[in-house]
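Inspection log for the structure reproduced underneath, given as structure tokens.
The values are calculated or read from the model by the stated rules, or taken from the named source; none is laboratory data. Because the structure is a prediction, the values reported are computed rather than measured. Cβ placement follows ideal geometry from the backbone for every residue including glycine, while neighbour counts extend to all protein chains displayed. Note: areas computed on protein heavy atoms with side chains; ligands, DNA, RNA excluded. Shrake-Rupley method; radii C 1.70, N 1.55, O 1.52, S 1.80 Å.
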Amino acid sequence: MDTVSIIPEGDVVFGIQLPIQSQSTIYREDWEPSSGPAEMARVARQADDAGFFYVAVCDHTFIPRRLAPAMGTTWYDTVATLGWLAGITTRVRLMSHVYIAALRHPLRAAKEFATLDVLSGGRVIVGVGAGHVLEEFAVLGPEFTERGRALDESIDALAAALVDEFPSLPGPRWPASDLGISPRPLQQPRPPIWVGGSSRPALRRAAAHGDGWLPQTAKRAELAAQVAELRALRHELGDGAPIAVGALPGIFHVGEASWELPRGTVCGSPQKIAEDLAEVIDLGVSHLQLRFPSRSVDELCDQMAAFGEQVGPLLRR
């Protein structure tokens with residue numbers, strides 16, 4: 001699979017997970033449950049205006065009762081939400097973080113993302129991952145224990161279907177031929193596919209099948225070893241082509257806060273925040289997914305604007 005690169009060599013970009021769209025109690029803010037499309041639109045447009053590289057949208061079809069107290073059941077559909085975002089933004093890229101690709105036929109996924117790429121003017125990033133909810137696989141298939149192998153096949157099949165109108169998919173799970181898919185994506189040869197996960201199998205998958213890596217843990221102490229392993233695996237399993245390396249660098253607040261911020265928040269001047277992020281960037285990271293603690297959508301948008309204007313220009317690799 002030929003590698004697709006969308007981040008210029010030496011650049012560092014930043015993005016954000018769209019709030020409200022997924023409402024796990026693990027990370028949602030107190031204002032999100034009472035918010036909806038109007039607030040999501042404000043955040044997406046702010047990302048557009050503030051120079052964010054992407055807005056990301058999560059993926060779960062349903063949440064079983066046993067997990068609902070922690071994860072909630074509000075998860076706006078990934079593809080529908082990205083399609084809506086395509087119509088209300090103009091510049092920011094639209095990413096699935098992450099789409100559980102093994103739960104869908106690759107030709108169905110290719111249809112969805114090719115259409116999104118056309119409707120957005122070529123702004124799609126396909127982020128995929130293995131998934132972790134047992135019941136989703138029990139209902140939608142494949143077997144939970146087979147999800148890794150299924151994801152490997154689905155990534156290659158999705159890539160092929162995004163490149164060729166009539167792709168040949170060898171299987172074994174999803175063999176297909178002589179089945180045409182249009183519209184064709186605007187990005188050529190195809191939209192990039194970034195692979196999520198921080199386990200060793202996920203790193204191997206990203207190195208062998210992906211154009212980029214989306215880590216799932218924010219532990220800086222582990223990042224250096226993970227990036228080194230990813231690059232080594234890229235040379236071992238792939239063609240050694242560049243790979244977009246991501247990081248979840250932490251929680252940030254630009255300027256002095258008038259309220260008690262969550263523990264671990266990096267707060268202060270743009271220079272202080274840029275210096276903190278430089279430690280991550282120096283590891284070879286090219287894209288950062290940011291978090292800003294907030295008590296309202298206004299506060300979140302203010303922080304996004306401040307970061308884009310004051311911190312973004314200071315980020316260099």
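Scan (1) in contact (Cβ under 8 Å) with a residue 40 or more places away in the chain; (2) at negative phi for the single condition Gly250 breaks and write down its number.
Checking Gly250 against (1) in contact (Cβ under 8 Å) with a residue 40 or more places away in the chain; (2) at negative phi, the one that fails is (2).
Can you report the number of residues in the stretch 259-317 which are touching a residue at least 12 places away in the same chain (Cβ under 8 Å), farther than 25 Å from Leu223 by Cα and not hydrophobic (A, V, I, L, M, F, W, C)?
Looking only at that region, the number is 6.
Working only within the stretch 165-210, note down all residues that are under 12 Å from Gly129 (Cα atoms) and in a strand (DSSP E or B).
Ile193, Trp194, Val195, Gly196, listed by residue number.
Filter the stretch 78-116 down to the residues that are of a type in the set (Gly, Ala, Ser) and in contact with a Ser or Thr (Cβ under 9 Å, 6 or more places away or on another chain), then identify the one that is nearest to Gly171 (Cα to Cα).
Among those residues, the one meeting the criterion is Ala102.
Sort through Ile63, Ile7 and tell me the only one that's surrounded by 13 or more Cβ atoms within 10 Å (Cβ to Cβ), farther than 20 Å from Ile251 by Cα, hydrophobic (A, V, I, L, M, F, W, C) and in contact with a strand residue (DSSP E or B) (Cβ under 6 Å, 6 or more places away or on another chain).
The conditions single out Ile7.
With the requirement that a residue be closer than 21 Å to Val98 by Cα and either outside any loop (DSSP other than H, G, I, E, B) or at pLDDT below 95 (or both), what does the stretch 6-22 give you?
Residues satisfying the conditions are Val13, Phe14, Gly15, Ile16, Gln17, Ser22.
Tell me yes or no: at least one residue of the stretch 126-148 is out of contact with any Phe, Trp or Tyr (no Cβ under 7 Å at 6 or more places or on another chain), outside any loop (DSSP other than H, G, I, E, B), within 19 Å of Pro183 (Cβ to Cβ) and of a type in the set (Val, Ile, Thr).
The answer is no, given that none of the residues of the stretch 126-148 is out of contact with any Phe, Trp or Tyr (no Cβ under 7 Å at 6 or more places or on another chain), outside any loop (DSSP other than H, G, I, E, B), within 19 Å of Pro183 (Cβ to Cβ) and of a type in the set (Val, Ile, Thr).
Just checking, which of Leu140, Leu151, Leu134 is open to solvent by 10 Å² or more (accessible area, probe 1.4 Å), under 23 Å from Ser198 (Cβ atoms) and not acidic (Asp, Glu)?
Just a single option satisfies the conditions, and that option is Leu134.
Can you tell me which condition Ser22 does not meet? The list is (1) within 30 Å of Arg173 (Cβ to Cβ); (2) open to solvent by 60 Å² or more (accessible area, probe 1.4 Å), and all the others hold.
Condition (2) is where Ser22 drops out.
Which of (1) part of a loop (DSSP other than H, G, I, E, B); (2) surrounded by 21 or more Cβ atoms within 10 Å (Cβ to Cβ); (3) of a type in the set (Lys, Arg) does Arg263 not meet, given it meets every other one?
Condition not satisfied by Arg263: (2).
For the stretch 245-260, name all the residues that are outside any loop (DSSP other than H, G, I, E, B) and open to solvent by less than 30 Å² (accessible area, probe 1.4 Å). Explain how you work it out, then say what you get.
Taking the stretch 245-260 and keeping what is outside any loop (DSSP other than H, G, I, E, B), we get 245-247, 251-255.
If the condition is that a residue be outside any loop (DSSP other than H, G, I, E, B) and open to solvent by less than 30 Å² (accessible area, probe 1.4 Å), then Val245, Gly246, Ala247, Phe252, His253, Val254, Gly255 are the ones that fit.
As an exercise: evaluate Arg66 against (1) more than 18 Å from Val124 (Cβ to Cβ); (2) in contact (Cβ under 8 Å) with a residue 12 or more places away in the chain and give the number of the one condition it does not meet.
Failing condition for Arg66: (2).
Pick from Arg108, Arg42: which is under 24 Å from Gly308 (Cβ atoms), assigned to a helix (DSSP H, G or I) and open to solvent by 70 Å² or more (accessible area, probe 1.4 Å)? Give the steps one after another, and end with the answer.
Numbers: Arg108 fails: under 24 Å from Gly308 (Cβ atoms).
It is Arg42.
In the stretch 155-172, which residues are more than 14 Å from Pro192 (Cα to Cα) and open to solvent by less than 50 Å² (accessible area, probe 1.4 Å)?
Matches in the stretch 155-172: Pro167, Leu169, Gly171.
Could you run through the stretch 187-225 and say how many residues are over 30 Å from Ala161 (Cβ atoms) and buried (at least 21 other Cβ atoms within 10 Å of the Cβ)?
1
Within the stretch 70-105, can you find the residues that are open to solvent by less than 40 Å² (accessible area, probe 1.4 Å), within 23 Å of Ala157 (Cα to Cα) and part of a helix (DSSP H, G or I)?
Answer for the stretch 70-105, where residues must be open to solvent by less than 40 Å² (accessible area, probe 1.4 Å), within 23 Å of Ala157 (Cα to Cα) and part of a helix (DSSP H, G or I): Thr78, Val79, Leu82, Gly83, Ala101, Ala102, Leu103.
Among what's in the stretch 226-244 and is touching a Phe, Trp or Tyr at 6+ places or on another chain (Cβ under 7 Å) and under 15 Å from Arg204 (Cβ atoms), pick the residue that is surrounded by the fewest Cβ atoms within 10 Å (Cβ to Cβ).
Result: Leu230.
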